[in-house]
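Each remark here refers to the structure printed beneath this line.
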Amino acid sequence: MVENKSPKKALITGITGQDGSYLAELLLEKGYEVHGIIRRASTFNTARIDHLFSDPHEEGTKLFLHYGDLSDGSRLVTLLESIRPDEVYNLAAQSHVRVSFDEPEYTGNSTGLGSIRLLEAIRMVGLDCRYYQASSSEMFGATPPPQNEDTVFYPRSPYGAAKLYSYWVTRNYREGYGMFAVNGILFNHESPRRGETFVTRKITRAVARIKAGMQDELFMGNLDAVRDWGYAPEYVEAMWMMLQHDTPDDYVVSTGTDYTVRDFLQLSFEHVGLDWEKYVKFDERYLRPTEVDALVGDSSRARNALGWVPKVLTPELAQIMVDSDIKALEAEGTHYIDKVVKK
Ligand code: NAP
Ligand code: GDD
């Protein structure tokens, strides 16, 4: 007899973000029914997932979007009650470190309290699901590298402090209520879908525009910061692996390599044959009141327990992102010619 097993259901908060979009792709490929929470906005905010979306009235639709917000606890309860997911991925956050100094209270509310609202909603509904918390290497802050799961936390921003709160409540719900709740402590990961104000994407967009003659200066902050930049599609795979493991645990996900912001500038400009020093200028507005000098992760636990290994390292990542931004600009140009010039 053929067993008629219904597909696993996943709920993703932050599905419209960089990671949410790659995770939704991965889970759909694996046959999951995917539900995502989106915020109501006066303009469309689903550009990163539009390619995954089909007519909701069609049979066989596997992606469902629901309005909601991590600041709205009762909505989280009703959504969990009606969807009853097997896996919950909590990726939603005010995720920009510099912005968290401008909006510390809001960042605490969404990036910190948002997680406990979701965990508490799961508990109130009595759902037997697995929970992933998007924790961050930013929690290590001032503690020098290499950083692993046993490294002392020392956050240096309202964002880092809010993430640390979420990290601890996730562990508390695991230990206190026996929930399968895990923290993925992810180091910086980037892609062509990275938000335009994070440093890598800011650089690769500028390189494309400078190469096209549309820009001749790039204003930057601290070029000495060291980061461990990996490739986002590989990092969402690690999230999924954590929830498939027999037992819940916390994992660092990183490449173990160290590059400065200056290195990333050089790799990106050199890829199109330009000298970065001719274009980059300093602007103090991009400095932070407290900086995180160096983040370099040791992901041995993820490698040994999950078999997760990073493949794309920073030099290739810079090339992927520059090439993608050049292509996007060319497509924009074609669109402009079609729309305006050929009219
Ligand atoms: P991102 O591109 O900034 O996406 C953030 C997502 O959260 C967006 O979908 C955003 O919705 C949503 N969101 C923000 N506030 C919300 C709220 N109050 N209620 C519901 N949704 C809300 O971030 P990402 O790079 O994909 O990162 C995913 C998660 O991993 C974040 O929690 C981030 O802090 C964490 N993280 C990221 C990295 C990294 O290097 N990328 C490393 C470690 C940890 P809108 O589209 O409507 O704004
Ligand atoms: N954004 C930005 N813009 N950063 C700059 C600039 C600039 O013009 N100039 C220098 N930097 C430096 C920052 O000071 C920081 O040291 C480094 O570049 C990286 O900045 P971001 O790309 O904004 O990332 P982040 O490391 O602060 O935070 C990201 O990684 C965390 C994981 O460690 C975010 O994705 C967080 O959400 C994530 O948790």
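Data for the structure
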| quantity | calculated |
| --- | --- |
| Stretch gain in nm, segment Ala41-Asp249, where the contour uses 0.36 nm per residue and the Cα spacing is subtracted | 71.3 nm |
| Segment Lys30-Lys311, length gained on full extension (0.36 nm per residue, minus Cα span) | 99.1 nm |
| Where GluC sites (Glu not before Pro) in DSSP loops with at most 13 other Cβ within 10 Å are excluded, longest remaining stretch of the chain | 60-195 |
| Nearest 10 degrees, 0 to 90: helix 314-336 Cα axis against the chain principal axis | 80 |
| Förster-model FRET efficiency, 25 Å R0, Asp128 and Asp72, C-beta, rounded to 0.05 | 0.60 |
| Cα-projected label distance for Lys8 with Thr197, points at 7 Å along beta-carbon direction, nm | 3.5 |
| On Cα atoms only, tilt of 261-271 relative to the major axis of the chain in degrees | 70 |
| Per residue, in Å², the accessible surface of the chain once ligands and nucleic acids are set aside, probe 1.4 Å | 48 |
| Residue-level accessible surface for Lys211, protein heavy atoms, 1.4 Å, Å² | 110 |
| For the chain, built as a Gaussian network whose Cα springs stay under 10 Å, the top-fluctuating residue of Leu63, Leu164, Leu52 | Leu52 |
| Efficiency of FRET from Cβ geometry, Asp55 and Thr290, R₀ 45 Å, rounded to 0.05 | 0.40 |
| Degrees, to the nearest 10: 158-177 long Cα axis against longest axis of the chain | 20 |
| Aspartates and glutamates whose Cα lies under 17 Å from that of Lys211, excluding same-chain neighbours fewer than 8 positions away | Glu270, Asp275, Glu277, Asp323, Asp325, Glu330, Glu332 |
| 15 Å Cα-Cα reach of Lys281 towards aspartates and glutamates, excluding residues that sit fewer than 8 places from it in its own chain | Asp216, Glu217, Asp224 |
| Theoretical gain in end-to-end length, Glu175 to Arg84 [0.36 nm per residue, Cα-Cα removed] | 30.5 nm |
| Accessible surface of the chain [probe 1.4 Å, protein heavy atoms]: carbon and sulfur percent | 50 |
| Sites Ile320 and Glu270 - FRET efficiency at Förster radius 25 Å, r taken between beta-carbons, to 0.05 | 0.95 |
| Part-to-part distance (alpha-carbon centres) for segment 202-251 and segment 21-70, which is given in Å | 22 |
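The values are calculated or read from the model by the stated rules, or taken from the named source; none is laboratory data. Being a predicted model, the structure only gives us computed values, none of them experimental. With ideal geometry, Cβ positions are generated from the backbone for all residues, glycine too; neighbour counts draw on all protein chains shown. Note: areas computed on protein heavy atoms with side chains; ligands, DNA, RNA excluded. Shrake-Rupley method; radii C 1.70, N 1.55, O 1.52, S 1.80 Å.
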